[in-house]
Amino acid sequence: MADPSHPEDLVTLGVSFWYTWGENCIPTSAPGCINMVRSMQLPVACYDVLLVGNEPNAKEPWGAPITPTDAVRKVRAIQLQCPTTKLIVGNVSADDWSNYGGWGSGANWIRKFLREYKRLYRHNYIGGFGVHCYETQAGWCITQLKAMRGLYSGEMWLTEYNDLSGNLAAFQSLTDYALANFTRVALYTNRQPVAPWALNGASVVRDDGTLDDRGVYYSQR
């Protein structure tokens with residue numbers, strides 16, 4: 001689950017992990033919280049797990065654009081500083097942002113990252129990747145996720161997802177596919193309606209704190 005504006009939603013949804021868009025976790029008071037370096041900068045400390053980047057193939061304010069080549073160098077610097085930290089790199093958007101100030105689709109970004117890592121350092125990247133996907137047309141995300149999952153046999157997290165179509169069956173199919181094929185899965189639920197990155201229909205938690213049908217299904221998986 002992405003950084004919640006309502007911490008009580010963590011309990012309501014029964015999530016096992018959540019993350020912030022910075023290094024804001026306080027382990028003693030935020031169990032399951034994972035830190036992020038949104039611009040792939042060197043972290044202030046070495047953690048067990050670190051998310052590296054947020055939609056580097058997308059434009060601001062949704063993403064923090066970084067070319068795959070630049071990302072490779074930034075990731076390698078973090079690996080050298082924190083050799084025992086598990087890095088979940090990219091957290092790329094499935095959408096193709098090439099016409100909107102970004103660097104193409106998530107699949108293209110990951111493909112180029114893997115190629116550039118091997119070219120620059122003469123060995124394959126060993127770590128994890130993160131991916132995001134939202135859909136308004138049933139089945140679109142499953143198609144995109146299959147493409148990204150097929151690029152890499154190592155650990156891959158679905159660090160943001162939701163079905164915005166309002167079709168419960170579509171949400172169930174997407175959730176089932178995600179849980180069967182990704183190491184960790186984080187539902188995005190937006191209770192920040194004035195935020196520039198707010199997505200219409202993303203919240204699975206009503207204003208009174210109860211869950212809609214999607215939230216109920218997710219919490220029971």
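Ranked highest first by the average count of other Cβ atoms within 10 Å around their residues, in what order do 6-15, 33-42, 125-134, 176-185 fall?
Final packing ranking: 125-134, 33-42, 176-185, 6-15.
Measuring from label point to label point, each 7 Å out along Cα→Cβ, what is the Thr136 to Leu168 span in nm?
2.3
Taking amide H atoms as placed 1.01 Å from N in the peptide plane, list the residues 5 or more away in sequence, or in a different chain, whose amide H sits under 5 Å from that of Val92.
Long-range HN contacts for Val92: Glu55, Gly130, Val131, His132.
Grab the beta carbon distance between Lys86 and Leu151, set R0 = 22 Å, and tell me the FRET efficiency rounded to 0.05.
0.70
Specify whether the C-alpha gyration tensor of region 13-64 places it in the rounded, prolate or oblate class, a ≥ b ≥ c being the square roots of the eigenvalues: rounded for a/c under 1.5, otherwise prolate if a/b is larger than b/c and oblate if not.
oblate
How far, in degrees from 0 to 90, does helix 140-149 lean away from the longest principal axis of the Cα atoms of the chain, to the nearest 10?
That helix lies at roughly 30 degrees to the long axis.
Report the local net charge at Ala58: Lys and Arg +1, Asp and Glu -1, summed over other residues whose C-beta lies under 11 Å from its C-beta.
-3
Restricting to region 64-221, compute how many DSSP beta bridges are antiparallel as a %, nearest 5.
For region 64-221, the DSSP antiparallel bridge percentage is about 5.
What percent does the relative contact order of the chain come to when contacts are Cα pairs within less than 8 Å and at least six residues apart?
Here the relative contact order equals 18 percent.
Work out from phi, with θ = phi - 60° and the Karplus expression 6.51 cos²θ - 1.76 cosθ + 1.60, the ³J(HN,Hα) of each residue of region 206-212, listed in order in whole Hz, and give x for Gly and Pro.
In residue order, the calculated couplings are 6, 4, 8, x, 7, 9, 7 Hz.
Can you give the angle from 0 to 90° between the axis of helix 68-81 and the longest principal axis of the chain, with both taken from C-alpha atoms, to the nearest 10?
The angle comes out at about 80 degrees.
How much of the accessible area of region 1-119, probe 1.4 Å, is carbon plus sulfur, in whole percent?
54
Out of these labelled values of Cα extents along the principal axes in Å, [x] 53, 52, 32; [y] 49, 48, 41; [z] 51, 39, 32, which was calculated from the coordinates shown here?
[z]
Need the full-extension length gain, Arg73 to Ser39, defined as separation in residues times 0.36 nm minus the C-alpha distance. One decimal, nm.
11.0 nm
Excluding ligands, DNA and RNA, what is the solvent-accessible area per residue of the chain at a probe of 1.4 Å, expressed in Å²?
46
Can you tell me how much longer the chain between Trp21 and Arg206 gets when fully stretched, taken as 0.36 nm per residue apart minus their C-alpha distance, in nm with one decimal?
Result for the pair: 64.3 nm of gain on full extension.
Could you tell me which of rounded, prolate or oblate describes region 9-119, using a ≥ b ≥ c as the square roots of the eigenvalues of the alpha-carbon gyration tensor, with rounded for a/c under 1.5 and, failing that, prolate when a/b is larger than b/c and oblate otherwise?
oblate
Let me check I've understood the local charge: for His123, count other residues with C-beta under 14 angstrom from its C-beta, Lys and Arg +1, Asp and Glu -1. What total comes out?
Computed value for this residue: +4.
The values are calculated or read from the model by the stated rules, or taken from the named source; none is laboratory data. From a predicted model like this one, the values you see are computed outputs, not experimental measurements. Methodologically, a virtual Cβ is constructed for each residue, glycine included, from the backbone with ideal geometry; neighbour enumeration extends over all protein chains shown. Remember, those area values only see protein heavy atoms, side chains included, never the ligands or the DNA or RNA. Shrake-Rupley method; radii C 1.70, N 1.55, O 1.52, S 1.80 Å.
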